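Scroll down for the structure; my scribbles are underneath it.
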Amino acid sequence: MGGEIGLRAGLASMFYSAPWGYNPLDAAATDTAVSHMAVSCCRRDSAALQLLVCAEDDLLLDVSGNPLLWKGGDRTVVRAAVELEGAAEAGIRIETKLVGLVEDYDRIRRPDPLLDAASIEVEKGRIQQVWIECHVGKHTPPGDYRGVVRAFARRMFGDETVAAYCTFSLRVHPETLPESREYSFYLDLWQHNANIARKHDVPLWSDDHLAIIDRYMESLVALGQKAVSVIVSDAPWCGQRSYRDGEPSDLFEYGIVAVTKGRDGRFEYDFSVLERYLSMAERRGMAEEIELFGLLGLWESPDAPALYRSLVEGYPDAMRVRYYDRATGVYRYIRGRAELEAYISALYGFFVSTGRAARVRVLADEPSDAARLERQLATLRRLAPSFRYKIALDHAEFIGRQLPDVTDYAPILGCVARQYEELQALKRSIPGRLLFYVCSGPKRPNTFLSSPPIECRLLPWLVEVFGYDGFLRWSYTAWPDRPLERPYYRPTRWETGDLFLVYPGRNGAPISSLRYKRLQRGIRDYELMQLLKRTGRAELVAEALRRVIRYDHPVELLSASGKKAEELYSLNPEDYELIRS
């Protein structure tokens, strides 16, 4: 790193991370930055790096070129500018974003959100990261492109001078990745739409809400999302039992179907919002699977049975379906079994009549009682005979039981590690897809803010190693109440970042994150592996896997093994880049 006016600037990998709260001027940070960096990607792909800026005094850092004066008077303003020779003609788009810091529960501020803001105040001594990504089109000519990153400095109305100068090269390979909606990698990130409405302050299921959801769908499709989440009853997860917390966050989800009881006592079901929502997902290409939450394995709260319990006597599940009673003008919850089963039958009829029933998967999230689950499934099979089912589980017992009409399974990564051979043997008997997931565990690898940055990229590699179909994550937008100010919540269970991958933006769109981008890189790695295998270069994939995967057996991924992350898998991004060599 080097420069004038006390400014130091240099380039670093997209996996570099500089928490603020440790000594920001340590040797590792200084040694990481370089004056030149080489990156590469395929066509219909992207390559990213970061500019690191650090100064001996406070400054304003700008990435827009807009007029900018500091409200407090005189202060150095630094403008970061990126140029890539021939980018426009080659169909390469440059994205430049300031990387924001969010506070972890240990009070360390960690880099993650890719801010929409054009400028940011940078404290003296703090390393500020700037995200630089080259998005390459499908028709971009393969070859080498030369880039320049400059940092211009000025004070007040003075002329800019070049305070730092770095170069980078982009190599575009001739291979072309498929469009994200055509990825073979099966990505299933659960969506929490009521939380989106709350954070963007719009009425639930309103036109404004649906328009915002559509922008979140766009961000999901860019990752290759295959499934759309549909909530069909209230509080399927009991608001994540927020009543247990001293400072609870609102994590409730609510059903999308409006139910009304007429003056004649008949129930009516309004599926119009559901139809609009599904049509949006279908246009985006992320409705290969329609996941229904709130029909099976609904959570209850044994420690607070008066709060969250089954409302319908004799029904084997704890469904909570609200309706408006026109005769009295009040809202109620269905409490009769016949009325509840009529709702389920009507919901089933909607999916059959619209030709979508074959794509439906009714979700059970971590059921603990196999016998009860079988009773619940028997009831639903009677009411919705062609529906199929999917279970996210933390032990393999449910797969071994081969429950009728359960076609898809997603064991947690810890379960995969503990019961690897058993799952490999059962894999052949699974009629649908086999995914794995991470949530509050395992400790590693995961997608926490405190996780080694490469772990987001590693997860799709594990899909290739296991021979599974894809990856599931329970939370794309399950934000606590103040995700940008205080993103941590219930730290005894959830590491910071466990609840979300993107942030709510002020303009009605998601704010992306470093974790999102790194996961995207891993998914594209997976797609490139499939391309290389199809074109006779499987040995290159095998060599890359040998460099990256260092454990002898997945059971070593469990904390009980006592092994460090670097003993289990590579933390060096260059090992992952071998497939793009």
Query - Pick from segment 78-104, criterion more than 26 Å from the chain's Cα centre (by Cα), surrounded by fewer than 21 Cβ atoms within 10 Å (Cβ to Cβ) and hydrophobic (A, V, I, L, M, F, W, C), ranking: farthest from A163 (Cα to Cα) - result: A90
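In this structure, is K261 modelled with pLDDT of 95 or more, surrounded by 20 or more Cβ atoms within 10 Å (Cβ to Cβ) and of a type in the set (D, E, K, R)? Give the derivation first.
Working: modelled with pLDDT of 95 or more: yes; surrounded by 20 or more Cβ atoms within 10 Å (Cβ to Cβ): no; of a type in the set (D, E, K, R): yes.
So K261 fails the test.
Condition test on S17, is it within 25 Å of the chain's Cα centre (by Cα), at pLDDT 95 or above and part of a strand (DSSP E or B)? Break it down stepwise before answering.
Details: within 25 Å of the chain's Cα centre (by Cα): yes; at pLDDT 95 or above: yes; part of a strand (DSSP E or B): no.
When the stated conditions are applied, S17 does not pass them.
Here's the yes/no breakdown for (1) within 27 Å of R418 (Cα to Cα); (2) out of contact with any strand residue (DSSP E or B) (no Cβ under 9 Å at 6 or more places or on another chain):
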{"position": "L519", "(1), (2)": "yes, no"}
{"position": "D525", "(1), (2)": "yes, yes"}
{"position": "E539", "(1), (2)": "no, yes"}
{"position": "H553", "(1), (2)": "yes, yes"}
{"position": "E567", "(1), (2)": "yes, yes"}
Requested in this report: Determine the pairs where a residue that is farther than 18 Å from I213 by Cα, located within segment 506-521, has a partner that is open to solvent by 10 Å² or more (accessible area, probe 1.4 Å) and part of a helix (DSSP H, G or I) with Cβ atoms under 8 Å apart, the partner being 6 or more residues away or on another chain.
Outcome: Q520/A222
Query raised in the report: Would you pick out the residues in segment 258-273 that are in a loop (DSSP other than H, G, I, E, B) and either over 22 Å from I196 (Cβ atoms) or small (G, A, S) (or both)?
Result: G262, R263, D264, G265, R266
Query raised in the report: What number of residues within segment 539-559 satisfy the criterion of being part of a helix (DSSP H, G or I) and either β-branched (V, I, T) or free of Cβ contacts under 8 Å to residues at least 12 places away in the same chain (or both)?
Result: 6
**Report entry** All positions within segment 499-538 that are part of a helix (DSSP H, G or I), out of contact with any Ser or Thr (no Cβ under 9 Å at 6 or more places or on another chain), open to solvent by less than 10 Å² (accessible area, probe 1.4 Å) and of a type outside the set (D, E)
**Finding:** G522, L528, M529, L532
Query raised in the report: Taking the stated definitions as given, is A287 part of a helix (DSSP H, G or I) and either over 19 Å from I256 (Cβ atoms) or not aromatic (F, W, Y) (or both)?
Result: no
Report summary line: Of (1) hydrophobic (A, V, I, L, M, F, W, C); (2) surrounded by 14 or more Cβ atoms within 10 Å (Cβ to Cβ); (3) over 16 Å from P367 (Cα atoms), L296 fails just (3)
Query - Residue tally, condition outside any helix (DSSP H, G or I) and within 20 Å of L380 (Cβ to Cβ), over segment 323-348 - result: 4
Report task. Starting from residues that are free of Cβ contacts under 8 Å to residues at least 60 places away in the same chain and of a type outside the set (D, E), keep the ones in segment 357-377 and report whichever is nearest to L292 (Cα to Cα). Result -> A357
Report task. May I ask you to verify whether A304 is surrounded by fewer than 18 Cβ atoms within 10 Å (Cβ to Cβ), within 30 Å of D214 (Cβ to Cβ) and of a type outside the set (S, T, Y)? Result -> no
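Within segment 460-498, restricting attention to residues that are open to solvent by 20 Å² or more (accessible area, probe 1.4 Å) and not in a loop (DSSP other than H, G, I, E, B), which residue is nearest to A48 (Cα to Cα)? Show your work before the answer.
Going through segment 460-498, the residues open to solvent by 20 Å² or more (accessible area, probe 1.4 Å) turn out to be 464-465, 467, 469, 474, 481-482, 484-486, 488, 490-493, 495.
Those left that are additionally not in a loop (DSSP other than H, G, I, E, B): 464-465.
Values: E464: 23, V465: 25 Å.
Taking the candidates together, the pick is E464.
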Report summary line: Looking across segment 307-317 at residues that are more than 16 Å from P367 (Cα to Cα) and open to solvent by less than 60 Å² (accessible area, probe 1.4 Å), the single one that is modelled with the lowest pLDDT is Y308
**Report entry** Pair list, Cβ < 7 Å and 6+ apart or interchain, from segment 117-145 residues that are within 15 Å of L101 (Cβ to Cβ) to residues that are hydrophobic (A, V, I, L, M, F, W, C) and open to solvent by 40 Å² or more (accessible area, probe 1.4 Å)
**Finding:** G125/L25; R126/W20
Query - Filter result (open to solvent by less than 50 Å² (accessible area, probe 1.4 Å) and under 16 Å from I344 (Cα atoms)) within segment 268-289 - result: F271, L274
Requested in this report: Determine whether E464 is modelled with pLDDT of 95 or more, acidic (D, E) and farther than 30 Å from T492 by Cα.
Outcome: yes
Requested in this report: Scan the strands (runs of 3 or more DSSP E) fully inside segment 354-459 and keep the ones with 2 or more residues being open to solvent by less than 50 Å² (accessible area, probe 1.4 Å) and acidic (D, E).
Outcome: none
Query raised in the report: Which of the residues spanning segment 137-157 are open to solvent by 10 Å² or more (accessible area, probe 1.4 Å) and under 30 Å from L177 (Cα atoms)?
Result: G137, K138, H139, P141, P142, G143, D144, Y145, R146, V148
Query raised in the report: Looking only at residues in segment 562-581 that are open to solvent by less than 50 Å² (accessible area, probe 1.4 Å) and not hydrophobic (A, V, I, L, M, F, W, C), which one is farthest from G441 (Cα to Cα)?
Result: R580
Report summary line: segment 158-257: strands (runs of 3 or more DSSP E) wholly inside it with 2 or more residues that are at pLDDT 95 or above and open to solvent by 40 Å² or more (accessible area, probe 1.4 Å) are 161-176
Query raised in the report: Going by the structure shown, is Y576 in contact (Cβ under 8 Å) with a residue 40 or more places away in the chain, more than 15 Å from the chain's Cα centre (by Cα) and in a helix (DSSP H, G or I)?
Result: yes
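The values are calculated or read from the model by the stated rules, or taken from the named source; none is laboratory data. Being a predicted model, the structure only gives us computed values, none of them experimental. Heads up, the Cβs are rebuilt from the backbone with ideal geometry, glycines too, and the neighbour counts pull from every protein chain shown. Heavy atoms of the whole protein, side chains included, go into the accessibility calculation; ligands, DNA and RNA do not. Shrake-Rupley method; radii C 1.70, N 1.55, O 1.52, S 1.80 Å.
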